[in-house]
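Colleague: The structure is given below, and queries will be raised subsequently.
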Amino acid sequence: MTSGFMDTAFAEARLAALRGEVPVGAVMVHKGEIIAQAGNRTLELHDPTAHAEILVIREACANLKSQRLPECDLYVTLEPCTQCAAAISFARVRRLYYGADDPKGGGVENGVRFFNQTSCHHAPDIYAGIGSEESRQILQEFFQSRRN
């Protein structure tokens, strides 16, 4: 079972897939309200930093007129990469909820485990595996369709 916030992130992931992007979606929540939502747009924007997490952090900061998001919670369908984990840390996001683990590209529980490094100044509370099966299914269907 997933939260409504994660369901919105899944919807963003599906929209990203329709655009031909790797289907990752993210939602930023402030005081129980969604203040930003996005899916990957790296191809569309010709920008390797345009991951869903980065896009929602940018939008949330703009909406709150702050470079820090200490009262915000991030929901993302896939374990954030190192780039996104660093941005989450720098933005001081309070909680991170994510779906599927990413053994190849993840930077939270896999890879460099960014939040465990001494150079990390802020680590959010982390809740992994939220809707992991749905996230895996969306990703598997996307990559299977690309191979056919």
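The values are calculated or read from the model by the stated rules, or taken from the named source; none is laboratory data. The structure displayed is predicted, hence computed values, not measured ones. Methodologically, a virtual Cβ is constructed for each residue, glycine included, from the backbone with ideal geometry; neighbour enumeration extends over all protein chains shown. The area values use the complete protein model at the heavy-atom level, side chains included, leaving out ligands, DNA and RNA. Shrake-Rupley method; radii C 1.70, N 1.55, O 1.52, S 1.80 Å.
Colleague: Using a/c under 1.5 as the rounded threshold, could you call the stretch 1-121 rounded, prolate or oblate? The axes a ≥ b ≥ c are square roots of the C-alpha gyration tensor eigenvalues, and prolate needs a/b larger than b/c, oblate otherwise. Walk me through the numbers on the way to the answer.
Modeller: Numbers: a/c = 1.33, a/b = 1.07, b/c = 1.24.
Because its axes are fairly even, with a/c under 1.5, the stretch 1-121 counts as rounded.
Colleague: For the pair Ile126/Ser145, report the inter-label distance in nm, with labels modelled 7 Å from Cα in the Cβ direction.
Modeller: Label at Ile126, label at Ser145, 3.0 nm between them.
Colleague: Lys/Arg Cβ at +1, Asp/Glu Cβ at -1, dipole of the chain taken about the Cα centre: which of Val24, Ile138, Ser3 is farthest positive-ward?
Modeller: Looking along the dipole axis, the top candidate is Val24.
Colleague: Let me ask something additional. Antiparallel versus total DSSP beta bridges in the chain: what percent is that, nearest 5?
Modeller: Taking every DSSP beta bridge within the chain, about 55 percent pair in antiparallel fashion.
Colleague: When you count, for each residue, the other Cβ atoms within 10 Å and take the mean per peptide, how do 34-42, 89-97, 112-120, 135-143 rank with the highest first?
Modeller: 34-42, 89-97, 135-143, 112-120
Colleague: On to the next question. Would you work out what percent of the accessible area of the chain, with all protein chains in place, is carbon or sulfur (probe 1.4 Å)?
Modeller: 51
Colleague: Another question, if that's okay. Output ³J(HN,Hα) for the stretch 101-117: one whole-Hz value per residue in order, computed from phi by the Karplus curve 6.51 cos²θ - 1.76 cosθ + 1.60 with θ = phi - 60°, and x for Gly and Pro.
Modeller: For the stretch 101-117, the Karplus curve yields 5, 10, x, 8, x, x, x, 9, 9, 10, x, 6, 6, 3, 5, 8, 7 Hz.
Colleague: First measure r as the distance between the Cβ atoms of Glu133 and Ile34, then evaluate 1/(1 + (r/R0)^6) with R0 = 22 Å and state the FRET efficiency to the nearest 0.05.
Modeller: Working: r = 23 Å, r/R0 = 1.04.
It comes to 0.45.
Colleague: Decide, for the stretch 83-148, between rounded, prolate and oblate: order the square roots of the alpha carbon gyration tensor eigenvalues as a ≥ b ≥ c, take rounded if a/c falls under 1.5, and otherwise choose prolate if a/b is larger than b/c, else oblate. Intermediate values should be presented prior to the final figure.
Modeller: Details: a/c = 2.77, a/b = 2.04, b/c = 1.36.
The shape class here is prolate.
Colleague: Another question, if that's okay. In square angstrom, what is the accessible area per residue of the chain with a 1.4 angstrom probe? Spell out each step's value before the answer.
Modeller: On the way: 7580 Å² over 148 residues.
Computed with neighbouring chains in place, this is 51 Å² per residue.
Colleague: According to a simple spin-label model (label point 7 Å from Cα along Cα-to-Cβ), what is the distance in nm between Ser66 and Arg94?
Modeller: Output for this residue pair reads 0.9 nm.
Colleague: With θ taken as phi - 60° and the coefficients 6.51, -1.76 and 1.60, list the Karplus ³J(HN,Hα) couplings across the stretch 18-35 in order, rounded to whole Hz; mark glycine and proline as x.
Modeller: With the stated coefficients, the stretch 18-35 comes to 5, 7, x, 8, 4, x, 10, x, 9, 9, 10, 10, 10, 6, x, 10, 6, 10 Hz.
Colleague: When a/c reaches 1.5 or more, the comparison of a/b and b/c decides; with that in mind, is the stretch 1-57 rounded, prolate or oblate per its Cα gyration tensor?
Modeller: Oblate, since a/c reaches 1.5 and b/c is not below a/b.
Colleague: Could you pull out every residue, at least 5 positions away or on a different chain, whose amide H is within less than 5 Å of the one on Gly25? Hs are placed 1.01 Å off N in the peptide plane, and Pro or chain starts have none.
Modeller: HN-HN under 5 Å from Gly25: Ala13, Thr77, Leu78.
Colleague: For the chain, find the longest principal axis of its Cα atoms and tell me its angle to the long axis of helix 52-64, 0 to 90°, nearest 10.
Modeller: Relative to the chain, helix 52-64 is tipped by roughly 40 degrees.
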